[in-house]
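Okay, structure first, notes after.
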Amino acid sequence: MPIVRYLDTPNFDHDATEKLGVLLVNSGTPDSPATRDVRRFLARLLGDPRVVEAPRAFWLPLLHGVILRTRPFRSARKYRSIWTEQGSPLMRYSLELRAALQAELAHRVIAPIQIELGMLYANPSVPAALARLREADCRRILVVPMFPQYCGASTAPVFDQVTRELQRWRWVPELRFVSDYHDHPGYIAALRNSVREHWEHHGRTQHLLMSFHGIPEKYFRKGDPYFCRSQRTARLLADELNLGADEWSVAFQSKYGPGAWLKPYCDEVIEAMPARGVRSVAVICPGFSADCLETVEEIEIENRERFLHAGGERFDYIPALNARPDHSRAIADLVAQHLQGWAVNNVSWLNAAAVAR
């Protein structure tokens, strides 16, 4: 008797091989550096109540009536300064990391696994990525926000968008969600390796500045753990590098709008360094899994100029982990940790040889 199929349902072939699904999620990037695409991206980003915690009746008219009439022009200029033939750095490196992770996990699994990339405020969207996992018969899905330090303004929107989309599904898959990986040994080791490799090729600087994306102080006072997560990542990295107390520091970047944000502010720290005798500095941004506008344009371009103009002599930017092999291995380790106990068609997914390794 033939199997009856319906147009609005997934594959109901009981003999079909199910897959494990992994959804990587980042914030996203405009489709192009054109002002219209930047405006669309910013509207989605700044319109998220997790990102800007302000009364909607006040914030939305201000956003659409004032901010989105001016800021997209300035931001588009910045995006054009970092755009490449492969598109934005964030998209390029995120896709490369997804491919590297797929290859890395191919050596560890004995069951089918599919990895998709979704963006919170851009393409490919989170619903589109989830749809691809559903079409591939992924009945168990692990969601991995690519934000190492948990933050209510970045990690929580991933949970919001995933669960909002799954509310529309008749057949909801088993779901697991990675909160963060700020102190994961593989992640810290990859950061350490990136710094050491930079030193080996370019020589050491007097100081290592670890710059994290800022958030309003009021978010921290309301209980957001982001500040503490960032500080722990920084301390672990400093320990791995055997840095003395005066050889490293932490700052927070990308402040926007009125009100106090997490301190110290990165631009102020960098500008003050030459006056206190720091003539050479290397900056790393551990909170960014892939290079983007905030690292390439804000740190490598703007803050380099700020440091040199203030009397500094050498400014090095250490790239984000991007698709480094040790980064893909670290994320693969994280995935393996969170997939423990899941099986596909009654077959444990994890390769025993990989576990022994």
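The values are calculated or read from the model by the stated rules, or taken from the named source; none is laboratory data. These figures come from a predicted structure and were not determined experimentally. Every residue, glycine among them, receives a Cβ derived from its backbone with ideal geometry; neighbour counts consider all protein chains shown. When the accessible area is computed, the model is the full protein with side chains, heavy atoms only, and any ligands, DNA or RNA have been set aside. Shrake-Rupley method; radii C 1.70, N 1.55, O 1.52, S 1.80 Å.
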When you look at THR163, is it more than 22 Å from ARG232 (Cβ to Cβ) and in contact with a Ser or Thr (Cβ under 6 Å, 6 or more places away or on another chain), yes or no?
no
Residue under question is ARG71, and the condition is that it be free of Cβ contacts under 8 Å to residues at least 40 places away in the same chain and part of a helix (DSSP H, G or I); does it hold?
yes
Condition (residue is touching a residue at least 12 places away in the same chain (Cβ under 8 Å), more than 20 Å from GLN161 (Cβ to Cβ), open to solvent by 50 Å² or more (accessible area, probe 1.4 Å) and of a type outside the set (Ser, Thr, Tyr)) applied to the range 52-60: is it met by at least one residue?
no
Out of all the residues in the range 304-343, which are over 17 Å from ALA189 (Cα atoms) and acidic (Asp, Glu)?
GLU305, GLU313, ASP316
Tally up the residues in the range 220-249 that are open to solvent by less than 90 Å² (accessible area, probe 1.4 Å) and either under 17 Å from PRO264 (Cβ atoms) or among the β-branched types (Val, Ile, Thr) (or both), please.
12
Could you tell me how many of the residues in the range 74-92 are among the aromatic types (Phe, Trp, Tyr) and part of a loop (DSSP other than H, G, I, E, B)?
1
Some residue of the range 133-145 being at pLDDT 95 or above, surrounded by 22 or more Cβ atoms within 10 Å (Cβ to Cβ) and closer than 23 Å to VAL38 by Cα
yes
Enumeration of residues in the range 32-49 that are assigned to a loop (DSSP other than H, G, I, E, B), within 17 Å of SER81 (Cβ to Cβ) and not polar (S, T, N, Q):
PRO33, ALA34
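Yes/no matrix, rows are residues, columns are (1) assigned to a helix (DSSP H, G or I); (2) more than 26 Å from GLY152 (Cβ to Cβ); (3) of a type in the set (Phe, Trp, Tyr):
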residue	(1), (2), (3)
SER94	yes, no, no
LEU97	yes, no, no
ALA100	yes, yes, no
LEU105	yes, yes, no
GLN114	no, yes, no
GLY118	no, no, no
ALA129	yes, no, no
ARG139	no, yes, no
Go through the residues of the range 63-77 one by one and say whether even a single one is touching a Gly at 6+ places or on another chain (Cβ under 8 Å) and open to solvent by less than 60 Å² (accessible area, probe 1.4 Å).
yes
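Every residue, every condition in (1) acidic (Asp, Glu); (2) closer than 24 Å to SER27 by Cα; (3) open to solvent by less than 10 Å² (accessible area, probe 1.4 Å), yes or no:
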| site | (1), (2), (3) |
| --- | --- |
| HIS107 | no, no, no |
| PRO112 | no, no, no |
| LEU130 | no, yes, yes |
| PRO157 | no, yes, yes |
| GLN167 | no, yes, no |
| HIS184 | no, yes, no |
Note on the range 256-293: residues of a type in the set (Gly, Ala, Ser), closer than 30 Å to MET91 by Cβ and assigned to a loop (DSSP other than H, G, I, E, B) are GLY257, GLY287, SER289, ALA290
Just the residues that are out of contact with any helix residue (DSSP H, G or I) (no Cβ under 9 Å at 6 or more places or on another chain) and either touching a residue at least 12 places away in the same chain (Cβ under 8 Å) or β-branched (Val, Ile, Thr) (or both), please, taken from the range 225-237.
PRO225, ARG229, SER230, GLN231, ARG232, ALA234
Note on the range 107-165: residues more than 20 Å from the chain's Cα centre (by Cα) and free of Cβ contacts under 8 Å to residues at least 40 places away in the same chain are ALA131, ARG132, ARG164, GLU165
When every residue in the range 250-281 that is small (Gly, Ala, Ser) and open to solvent by less than 60 Å² (accessible area, probe 1.4 Å) is compared, the one nearest to TRP59 (Cα to Cα) is GLY257
Sort out which residues of the range 173-189 are part of a helix (DSSP H, G or I) and not β-branched (Val, Ile, Thr), and write them in order of number.
PRO185, GLY186, TYR187, ALA189
So ARG170, is it over 23 Å from ALA323 (Cβ atoms) and either in contact with a Ser or Thr (Cβ under 6 Å, 6 or more places away or on another chain) or assigned to a loop (DSSP other than H, G, I, E, B) (or both):
yes
Of the residues ILE301, ILE331, ILE284, which is β-branched (Val, Ile, Thr) and open to solvent by 10 Å² or more (accessible area, probe 1.4 Å)?
ILE301
